[in-house]
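Asks: Would you mind keeping the following structure in view while I ask a few things?
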């Protein structure tokens with residue numbers, strides 16, 4: 001009976017024990033009559049998943065029969081139950097007790113393996129990896145060796161190291177039999193699916209009979225397709241189909257090949273452009289169209305350039321029309337898209353889904369983050385405050401700033417960005433006040449900036465000097481000095497005239513992010529409240545003749561950034577302005593210039609010989625190295641957002657001049 005019981009225990013250990021116990025109705029009171037009956041009752045409770053009752057009986061067995069043959073088996077079951085209940089420390093104590101108290105027991109290998117599993121369940125992966133070699137040195141049975149190698153492979157997978165996991169799965173495979181072969185094959189496939197292309201290529205380059213080379217080859221082709229390395233993907237997938245024509249993934253491989261050939265095809269020298277040529281933003285759309293037309297004419301007229309075609313679509317600043325226009329451009333197989341000025345978010349998402357690179361023209365937040373095909377070439381608030389703070393702190397040596405801003409989205413955005421950038425640059429904001437967007441009298445806000453708004457509390461006012469006695473008279477005129485001051489303060493009627501409080505201007509510059517109309521009203525009031533001899537900073541909105549017309553003498557020396565300056569001495573800018581004026585009889589502004597530059601960037605990229613796929617257009621844009629445009633040097637960061645040095649302008653007389 002005892003031998004039969006031991007065999008039953010050994011067989012039970014091969015079952016998966018990681019599932020949670022299920023509550024059942026337990027038997028009523030019982031009476032233990034002997035060691036075999038006690039152990040048998042414990043086993044019945046264990047098999048019915050009544051673990052608490054089983055645990056009590058196994059403990060009782062050890063207490064009564066510690067030297068009997070089934071004592072190690074009882075300890076083994078105690079460890080398993082403890083592990084099932086999540087009491088891993090107690091489980092390990094039971095397993096180790098087997099090693100120390102019953103070193104010759106057939107349960108020793110099981111105890112060592114189960115101890116490793118408790119570390120895995122606790123996510124103590126380094127402990128599994130460190131203890132596994134010692135466990136392998138002390139076991140010699142095939143099932144135990146298989147379990148340890150598979151467990152270490154699972155551990156590396158849990159750590160995000162599939163390449164190491166594959167190594168151990170290959171070792172486990174050598175000891176696998178029956179259903180274990182299929183199980184380890186599934187683990188192989190899961191690990192291979194997480195490999196990057198470089199690791200897969202290494203494994204294929206150094207073939208190992210224990211590795212599933214068919215799945216590795218398929219995964220490499222799939223990875224290349226996902227990375228948009230289409231030439232490599234086609235080569236590998238064709239090789240896979242040729243080498244494994246009956247493979248379960250053959251149909252999927254052929255579908256990938258067909259999809260790549262279908263979607264990768266595009267009209268290399270045809271670009272799309274989305275603009276609001278109707279609707280509320282028509283004026284801006286028509287201005288942008290001029291920039292596109294001039295860029296196309298310029299590029300196509302240059303010797304050696306391929307003739308480029310641009311398909312213009314009207315979005316009407318409407319989301320639905322924008323989607324329809326994008327679908328039409330997709331059917332036209334355009335290489336890339338410029339625009340739109342509005343509805344940029346939906347356009348970016350659709351273009352990303354279609355796999356078409358798009359250069360958006362918007363300052364809206366988080367547009368480039370939509371996807372790897374989405375770029376932005378536009379002046380943004382962050383770009384402006386970076387330019388201003390860098391100039392003020394690094395070039396002018398200013399460190400103390402005030403901010404006067406409208407309490408609405410535009411003003412709050414610039415206020416927060418300016419403040420953050422100043423802190424990064426080493427400056428500080430010593431005063432910040434807001435005003436309502438519809439406000440016309442800014443005196444209260446200005447007074448708060450310089451300490452004129454709130455009355456000084458009585459206890460903080462300086463005490464009046466007591467009257468001086470005759471012996472404190474000055475020798476010069478016989479009038480006490482304090483009395484003389486008092487006389488000067490009195491009027492003809494002998495009444496004391498109160499002194500006006502003085503403005504406390506403790507900042508070197510003031511930043512006012514608002515329209516030129518509002519700024520033109522605010523700046524003269526600054527002078528009225530003695531805020532003089534400080535730098536006045538604004539946003540690109542200030543680059544308007546209306547600012548000078550409204551507040552000419554008060555805004556002299558005011559500094560602002562902008563993305564384009566038609567009067568720049570730059571030869572490139574002057575040539576662009578001249579050609580634009582000759583064509584349209586008007587001077588270009590920022591919209592025309594930024595669209596012109598965006599078009600020229602794409603024209604130059606798609607005309608490069610190595611371009612075969614849209615993904616390569618994206619890569620070339622990301623690798624753009626300071627493209628010399630009329631809006632300055634331009635490159636894109638890793639998110640696809642333009643990085644450019646803005647123009648810094650200053651008011652001088654009745655015009656704007658560029659700062660060096």
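Asks: So residue 354 ticks every box in (1) touching a helix residue (DSSP H, G or I) at 6+ places or on another chain (Cβ under 6 Å); (2) at pLDDT 95 or above; (3) surrounded by fewer than 21 Cβ atoms within 10 Å (Cβ to Cβ) but one. Which box is left unticked?
Replies: Against the list (1) touching a helix residue (DSSP H, G or I) at 6+ places or on another chain (Cβ under 6 Å); (2) at pLDDT 95 or above; (3) surrounded by fewer than 21 Cβ atoms within 10 Å (Cβ to Cβ), residue 354 comes up short only on (2).
Asks: With respect to residue 594, is the statement that it is buried (at least 20 other Cβ atoms within 10 Å of the Cβ) and touching a strand residue (DSSP E or B) at 6+ places or on another chain (Cβ under 6 Å) true?
Replies: no
Asks: Of all residues being more than 23 Å from the chain's Cα centre (by Cα), part of a helix (DSSP H, G or I) and in contact (Cβ under 8 Å) with a residue 60 or more places away in the chain in region 388-414, which is surrounded by the most Cβ atoms within 10 Å (Cβ to Cβ)? Just the residue, please.
Replies: Once the filter is applied, the top-ranked residue is 388.
Asks: OK, next. Out of contact with any helix residue (DSSP H, G or I) (no Cβ under 8 Å at 6 or more places or on another chain), in contact (Cβ under 8 Å) with a residue 24 or more places away in the chain and outside any loop (DSSP other than H, G, I, E, B): is that true of residue 324 in this structure?
Replies: Taking the combined requirement at face value, the residue does not satisfy it.
Asks: Also, I was wondering about something else. Of everything in region 185-211, what is surrounded by 21 or more Cβ atoms within 10 Å (Cβ to Cβ) and over 28 Å from residue 261 (Cα atoms)? Give them in sequence order.
Replies: 188, 191
Asks: Still on this structure, I have one more. Sort out which residues of region 427-445 are out of contact with any strand residue (DSSP E or B) (no Cβ under 7 Å at 6 or more places or on another chain) and either surrounded by 15 or more Cβ atoms within 10 Å (Cβ to Cβ) or not in a helix (DSSP H, G or I) (or both), and write them in order of number.
Replies: 436, 438, 439, 440, 441
Asks: Quick check: anything in region 258-271 assigned by TED's automatic domain parsing to the domain that holds residue 592, more than 25 Å from residue 612 (Cβ to Cβ) and buried (at least 18 other Cβ atoms within 10 Å of the Cβ)?
Replies: So far as region 258-271 goes, no, none of its residues is assigned by TED's automatic domain parsing to the domain that holds residue 592, more than 25 Å from residue 612 (Cβ to Cβ) and buried (at least 18 other Cβ atoms within 10 Å of the Cβ).
Asks: Still on this structure: So which residues in region 617-660 are buried (at least 21 other Cβ atoms within 10 Å of the Cβ) and farther than 30 Å from residue 352 by Cα, if there are any at all?
Replies: Within region 617-660, 647, 649, 651, 656 qualify.
Residue by residue, here is whether (1) at pLDDT below 95; (2) outside the structural domain of residue 303 (by TED's automatic domain parsing) holds:
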site	(1), (2)
575	no, yes
593	no, no
608	yes, no
611	yes, no
624	no, no
655	no, yes
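The values are calculated or read from the model by the stated rules, or taken from the named source; none is laboratory data. Being a predicted model, the structure only gives us computed values, none of them experimental. Cβ coordinates were reconstructed from backbone atoms using ideal geometry, including for glycine residues, and neighbour counts include every protein chain displayed.
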